[in-house]
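Here the structure comes first, spelled out in structure tokens, and everything after it is commentary.
Readers should treat all values here as calculations from the given coordinates under stated rules, not as data from a laboratory. Keep in mind that this is a model prediction, so the values were computed, not measured. Every residue, glycine among them, receives a Cβ derived from its backbone with ideal geometry; neighbour counts consider all protein chains shown.
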Amino acid sequence: MATLSDPGANNGEAPPAPSQPLRFPPEALQRCARLTRRERDVLAVLATGASTDQVASRLRLSSGDVRAHVQNAIRTLQARSKLEAVLLALAAGIIDEPRS
């Protein structure tokens, strides 16, 4: 049986999707309404898998500005990481799920 620590577990393929959707407490989702338009834009581009530099290029911002928007979003959402901030924004429906 493959484990997460086994680098060849999925033969280079993406891990399977979780069987249950992620659930966040209602108060966490409500904090999403406090994000600025630019913070939402940055999280939306991050949701596509873009790097900080790619987000900066797409939104015509400096990399420093992108990092600042990410940190502000993390603080506002009380998230532990930019990944959690993106997942919260997706769960709250304030950014669209990226197209494949």
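Restricting to the stretch 43-69, name every residue that is over 20 Å from residue 27 (Cα atoms) and in contact (Cβ under 8 Å) with a residue 24 or more places away in the chain. Scanning the stretch 43-69 gives 44, 46, 47, 48, 49, 66, 69. Scanning the stretch 51-72 for residues that are over 10 Å from the mean Cα position of the chain (by Cα) and among the aliphatic types (A, V, I, L, M) yields 55, 56, 59, 61, 66, 68.
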